[in-house]
1. Conditions: (1) surrounded by fewer than 20 Cβ atoms within 10 Å (Cβ to Cβ); (2) closer than 14 Å to Tyr35 by Cβ. Pro112 meets all but one. Number of the miss?
2. What do you reckon, is Phe216 at pLDDT 70 or above and either closer than 25 Å to His17 by Cα or surrounded by 14 or more Cβ atoms within 10 Å (Cβ to Cβ) (or both)?
3. Please enumerate the residues belonging to segment 40-77 that are surrounded by 21 or more Cβ atoms within 10 Å (Cβ to Cβ), under 18 Å from Leu96 (Cα atoms) and within 18 Å of the chain's Cα centre (by Cα).
4. Which of the following residues is outside any helix (DSSP H, G or I), within 13 Å of Pro15 (Cα to Cα) and not basic (Lys, Arg): Val55, Val80, Val40?
5. Which residues, counting only those in segment 83-109, are assigned to a helix (DSSP H, G or I) and either crowded, with 18+ Cβ neighbours inside 10 Å or not aromatic (Phe, Trp, Tyr) (or both)?
6. Quick one: would you say Ala52 is among the aliphatic types (A, V, I, L, M) and closer than 29 Å to His193 by Cα?
7. Inside segment 141-185, can you point out the residues that are touching a residue at least 40 places away in the same chain (Cβ under 8 Å) and hydroxyl-bearing (Ser, Thr, Tyr)?
8. Just checking, how many residues over segment 18-32 are surrounded by fewer than 21 Cβ atoms within 10 Å (Cβ to Cβ) and either of a type in the set (S, T, N, Q) or assigned to a loop (DSSP other than H, G, I, E, B) (or both)?
Amino acid sequence: MTPGERSRLVSVVVPVHNGAAFVADALDSVLAQTYAPVEVIVVDDGSDDDTASIVARHGPAVAVIRQPHAGPAAARNAGVSAASGEYISFLDADDLWPVDKLAVQVAYLDCPQAADMVFGTAIQFSGDAADHPFRLGPDADPVVAALVPGGLLTRLETFRRVGPFSSQWRVGEFIDWFARATEMGLSSHVLDHLVLFRRLHDANLGRQDSAARIDFTRILRARLERRRGELA
């Protein structure tokens, strides 16, 4: 890898906890990207299923960090700490990327007037078959703004300016991070381009743990309190 290539490296952090059912599909979608070079960092957050052996099948193309179970925020932070790319992106272990996700977003960030953070659109699908996503209902529009970790690309330096994900939240840590980034004056842009296939299933943390969803309200309240403090 030349110095120029190294500077344009994209680090992709994949946090996973007991993701044996889906993690291979997620990693395959990263490794199939038309953009290169890509550094793939899996953070195994205390899995006790077959996650480790499934990840290991991908060989040296995937770096693995193992830690005791600490939640998705801590897992993503561990991956960021190990990242060495110019750019940083995230993919949950149950989601998928279209093959041109990184190529399109890197091209945007390379534009002189680009925003600090770039997203795109997502299609939500349900079920276990990665190659057969389907619409959630005849009246549902599955194309949504991908304002989630899997839809983001930003420079690693930009991410570190905002700071790590807060591990005090069981869910919603990205909402908190994005709010802090916005409060700092960082800009974002949503491309009219598909960048994420987001899988909905019963084991999604936000759906599985109803008590944890209280965090969403607390995050919004914390943001309001910060804004009041700025205006005082």
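The values are calculated or read from the model by the stated rules, or taken from the named source; none is laboratory data. The shown structure was predicted, so the numbers you read here are calculated from the model rather than taken from an experiment. Cβ placement follows ideal geometry from the backbone for every residue including glycine, while neighbour counts extend to all protein chains displayed.
1. Result: Pro112 passes all but (2).
2. Values: at pLDDT 70 or above: no; either closer than 25 Å to His17 by Cα or surrounded by 14 or more Cβ atoms within 10 Å (Cβ to Cβ) (or both): yes.
Judged against the criteria, Phe216 is not a match.
3. The answer is Val40, Ile41, Val42, Val43, Asp44, Val55, Pro72, Arg76.
4. Working: Val55 fails: outside any helix (DSSP H, G or I); Val80 fails: outside any helix (DSSP H, G or I).
So the residue among Val55, Val80, Val40 that is outside any helix (DSSP H, G or I), within 13 Å of Pro15 (Cα to Cα) and not basic (Lys, Arg) is Val40.
5. Taking segment 83-109 and keeping what is assigned to a helix (DSSP H, G or I), we get 101-109.
The answer is Lys101, Leu102, Ala103, Val104, Gln105, Val106, Ala107, Leu109.
6. Numbers: among the aliphatic types (A, V, I, L, M): yes; closer than 29 Å to His193 by Cα: no.
Against the criterion (among the aliphatic types (A, V, I, L, M) and closer than 29 Å to His193 by Cα), Ala52 does not qualify.
7. Residues satisfying the conditions are Thr154, Thr158, Ser166, Ser167.
8. Going residue by residue through segment 18-32, those that are surrounded by fewer than 21 Cβ atoms within 10 Å (Cβ to Cβ) are 18, 20-21, 24-25, 28-29, 31-32.
Adding the requirement that they be either of a type in the set (S, T, N, Q) or assigned to a loop (DSSP other than H, G, I, E, B) (or both) leaves 18, 20-21, 29, 32.
Going through segment 18-32 one residue at a time, the tally reaches 5.
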